[in-house]
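Participant: Structure incoming, see below.
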Amino acid sequence: MSRYILMRVLLSIPLLVIISFLTFVLYNLTPSNPAEFVLQAQGVPVITSGLIAETEKALGLDQPFFLRYLKWFISCLQLDFGSSYVTSQPVWSLLGPALLNTFKLTIVSITAIIAVSLLLGIICALRQGRMLDTSVRGIAFLMTSTPSYCLAALLIWYFSVKLDLLPTSGMDSYASYVLPASVITISYAGIYFRIIRSSIISNLNEDYVLYGRACGLSGYTITLHLLRNSLHTALSVFGMAIPVILGSTVVVENLFAWPGLGTLSVRAILSRDFPVIQAYVLVLAAAFVLFNTLSDIMSVMLNPKLRKDL
C-alpha cells in the first residue's frame, strides 16, 4: 500500500511540471507584447520602443525562454507568482484571499451536495422504478440542465427581491452563502445522486445482499452494508467534485459578486493581467492533481478488491 501511495505521489510531480510548462508556453504564445500591457496599465501616455525595451528588461522578458520558465517555476514553488501588471501587487496577495473565499463557498456547497445526493440516491435506489424515483430523477434532470445564471436569477428574484430574506451579493454574513451555495448544489446534486443511485442498485443484485436476506437480516442492516460498499464509488466521485466546483464557480461568483477566484480570474482576463491568469490556471491544475491523487489513494484504502491488484 505504501508503495502505491509513493508511486501516485511521484507520478503527480511530472504531471504538474508539464502543466506548468504548458501554462508558461500559452502565455508566451500571445501575439501582444506583455510589456505594452504593463505600460498601458501604468497609464503611460506615450509608449515608445525605448520604454518597451526597458520594461522588458525589468520584467526579465529579454532573457532566453527556458531560463525565464525555470526562474518562474522555481518562484511558483515558493508561492511567488510575480506581481500583477495592473495593480503591481504580489499575485499571491490577490490570489490567496480569493482562493480562501472560493474554498469556503466550495466546502459549504460540497457538504450540501453530499447530503442531498446521498439522501436522494438511497431513497431512489430503494424505490427503484416507482413514482417517487421517476419524479425525483425528472426534477433532477430539469435542475441539472437549467443554466446556473437562470437558477441564480430565479433565486435572487424570489428570496431577495420578493421575500427580502437573503442578500443578493457580497460576502458579509453567513446568509450570503445561502444563495450561491444553493445554485451550485442544485446544479451538481442531480449528477452525483444518479451515480450513487446506480452504485446502490448494482450492489442490490450482489450475492451478499441475497445471502443477507436469506439469513433474515433486517432491511436496515442490509441498507447499511449496501451503503458501505456503494460509498467506494461515491468517495472518488466526491473527491473530484471539489476541484470541479473550485474551477466552475466563475459564473456563480460573478452573479453574486463573491470575492473569489472566479471573480478574480474574469477581472484578470479582461485586463490581460497575465501573471494572475497564469497563477489561477496553475493553482486550479494543482488542485485537480492533488484531489485526484487523494481520491485514488482513499479508494484503494477503502476497497479491498482494488488492493489485490497492487
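Participant: Using a 1.4 angstrom probe on the protein heavy atoms only, could you order Trp72, Trp157, Trp92, Trp258 from most to least accessible area?
Facilitator: Ranking Trp72, Trp157, Trp92, Trp258 by accessible area, largest first, yields Trp157, Trp92, Trp72, Trp258.
Participant: Starting from the eigenvalues of the Cα gyration tensor, five times each then square-rooted, give me the equivalent ellipsoid semi-axes of the stretch 1-151, largest first, whole Å.
Facilitator: 47, 23, 14
Participant: Right, next: Could you work out which residue, out of Asn254, Asn101, Asn205, moves most in a Gaussian network model of the chain, that is, has the largest mean-square fluctuation with Cα springs under 10 Å?
Facilitator: Checking each option, the largest mean-square fluctuation is seen for Asn205.
Participant: If I ignore ligands, DNA and RNA and count only protein heavy atoms, how much of Arg228 is accessible to a 1.4 Å probe, in Å² to the nearest 10?
Facilitator: Accessible surface of Arg228 is approximately 150 Å².
Participant: Please tell me the relative contact order of the chain in percent, rounded to the nearest whole number, where contacts are Cα pairs under 8 Å and at least six residues apart.
Facilitator: 26
Participant: Suppose R0 equals 30 Å. What FRET efficiency, 1/(1 + (r/R0)^6) with r the Cβ-Cβ distance, do Ile123 and Ser248 give to the nearest 0.05?
Facilitator: 0.65
Participant: Something else about it: Of all accessible surface on the chain at a 1.4 Å probe, what whole percent is carbon and sulfur?
Facilitator: Summing carbon and sulfur atoms, their accessible area is 68 percent of the total for the chain.
Participant: What nm value, rounded to one decimal, do you get for the distance between Met7 and Leu290 when each label is placed 7 Å out toward the C-beta?
Facilitator: Taking the two extended label points, one gets 2.5 nm.
Participant: Here's a follow-up. Cα atoms only, the chain: Rg and Dmax in Å?
Facilitator: 24.3, 87
Participant: Right, next: Rounded, prolate or oblate: which one fits the stretch 227-304, using the alpha carbon gyration tensor with axes a ≥ b ≥ c (rounded when a/c is under 1.5, else prolate when a/b beats b/c, else oblate)?
Facilitator: oblate
Participant: Only Cα pairs within less than 10 Å get springs; with that Gaussian network setup on the chain, which residue of Phe103, Phe141, Phe288 has the largest fluctuation?
Facilitator: The residue that fluctuates most here is Phe141.
Participant: Could you give the length gained on full extension between Ile74 and Ala53, defined as 0.36 nm per residue of separation minus the Cα-Cα distance, in nm?
Facilitator: Additional length available on full extension: 5.1 nm.
Participant: Enumerate the helices in the chain for which the Kyte-Doolittle hydropathy averages 0.0 or more and the C-alpha atoms extend at least 27 Å along the helix's axis, using complete DSSP H runs.
Facilitator: 2-28, 91-126, 178-204, 219-247, 274-302
Participant: Can you give the accessible area per residue of the stretch 1-156, in Å², using a 1.4 Å probe?
Facilitator: About 59 Å² of surface per residue is accessible.
Participant: For the chain, with a Gaussian network of springs between Cα atoms less than 10 Å apart, report the residue from Ser236, Ser199, Ser271 with the top mean-square fluctuation.
Facilitator: Ser271
Participant: At 222 nm, what value in deg cm²/dmol follows for the chain if DSSP H runs of at least 4 each add -39500 (n - 2.57) and the sum is divided by all its residues, to the nearest 500?
Facilitator: The helix contribution divided over the chain gives -25000 deg cm²/dmol.
Participant: At 20 °C and 1.002 mPa s, what whole-number value in µm²/s does Stokes-Einstein give for the translational diffusion of the stretch 123-271, with Rh from the Kirkwood sum over Cα pairs?
Facilitator: The calculation lands on 120 µm²/s.
Participant: Grab the beta carbon distance between Val46 and Leu154, set R0 = 51 Å, and tell me the FRET efficiency rounded to 0.05.
Facilitator: 0.55
Participant: A further question follows. Using alpha carbons only, how many angstrom separate the centre of the stretch 126-148 from the centre of the stretch 36-77?
Facilitator: 53
The values are calculated or read from the model by the stated rules, or taken from the named source; none is laboratory data. Since we're looking at a predicted model, the values are computed, not measured. A quick note on method: Cβ atoms are made from the backbone with ideal geometry, for glycine too, and the neighbour counts reach across all protein chains shown. Heavy atoms of the whole protein, side chains included, go into the accessibility calculation; ligands, DNA and RNA do not. Shrake-Rupley method; radii C 1.70, N 1.55, O 1.52, S 1.80 Å.
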